[in-house]
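Asker: Quick one: this structure, given as structure tokens, is what I'll be asking you about.
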Amino acid sequence: MTDKQLIVQVRPDGTVHAETIGMYGQECLDYISVLENLLDAEATSSSFTEAYSQTAAQQESTSHNWDGAR
């Protein structure tokens, strides 16, 4: 299992780039919100990684699995 990481880069023009690693689903959004509060800033763009999509698909599949017993 990968440790949770928030990688933050401050670019020469003053913009900030952040990426989460080891977080799945909407968990990453909590960390971005904290970062916005710490920097007194607002995200201007964002994108979801493959891990976000895979987790959402796994949760959906899991919720439909059943053994057929009644």
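Asker: Just give me the residues in the stretch 23-44 being more than 8 Å from the chain's Cα centre (by Cα) and on the phi > 0 side of the Ramachandran plot, in sequence order.
Answerer: Across the stretch 23-44, the qualifying residue is only 40.
Asker: Let me ask you something else. Which one is farthest from residue 4 (Cα to Cα), of the residues in the stretch 35-70 that are at pLDDT 85 or above and surrounded by 11 or more Cβ atoms within 10 Å (Cβ to Cβ)?
Answerer: The extreme case among them is 41.
Asker: Another question about this same structure. Keeping to the stretch 9-22, report how many residues are surrounded by 12 or more Cβ atoms within 10 Å (Cβ to Cβ), at pLDDT 85 or above and under 15 Å from the mean Cα position of the chain (by Cα).
Answerer: Summing the residues that are surrounded by 12 or more Cβ atoms within 10 Å (Cβ to Cβ), at pLDDT 85 or above and under 15 Å from the mean Cα position of the chain (by Cα) in the stretch 9-22 gives 4.
The values are calculated or read from the model by the stated rules, or taken from the named source; none is laboratory data. This structure is a prediction, so every number in the text was calculated from the model and none was measured. Every residue, glycine as well, gets a Cβ built from its backbone with ideal geometry; the counts of neighbours run over all protein chains shown.
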